[in-house]
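Okay, so here's the structure we're looking at.
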Amino acid sequence: MYLVNKIEDIFKFLITTMSGGMLLIIFVQVVIRYSSGFLADTDGAFAASYLSMCHIVLQTAEELARYMFVYMVFLGLPLVAKQGGHMAIDTLTMRVSEEKRRILNLVAEAITSGFMLLMTVQGIKMVRVNYFQLTPGLEIPISIVFMAIPLGCGFMMLDSLIKMYHIIASRRHVAKEVGV
């Protein structure tokens, strides 16, 4: 559990840092876009080189912000799952007995784990297949961006497996108390 908590702390730090970085990047992008509008009507070497530089900066800034957002989403998956923040329809589970609720929760976590395993495996395949493809603006391997999928889904699967363990362990604990 210590390692899982440390990984969650790293994810929280990365998400917070990327959120601030996105804010700064988009702010600078807006300032550059606004300031380049003043020079568009002027002639001269400075205006031409400034507008050329602005085009490159705007393209890479928008791409970097987009990739940071992708990482924020996938790294946030396990954090939100641990807090029970994902959507759930609890109308059925609130109307059944404690034992049936435990079984439904176990089934839901098993389905979640299976889906996250599928996403992790497919994400790893995407990373492998696109290893040599570069992003258009930043010219970094697109596999770095795709790595967010197996990272986030893999740790969400781990969280789901831990929840399944706790559900099963709580059942054993209750059975020992009752004497079954």
* Could you put S160, S143, S97, S19 in order, starting from the residue whose Cβ has the fewest other Cβ atoms within 10 Å? -> S97, S19, S143, S160
* **FRET efficiency, T91 to I10 (Cβ-Cβ, R0 30 Å, nearest 0.05)** => 0.25
* Which order do F27, F74 fall in if you start with the one that has the fewest other Cβ atoms within 10 Å? -> F27, F74
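We did not get these values from a lab; they are worked out from the coordinates using the rules stated. What you see is a predicted model, and the numbers here were worked out from it, not measured in a lab. Cβ sites come from the backbone with ideal geometry, for glycine too, and all protein chains shown count toward neighbours.
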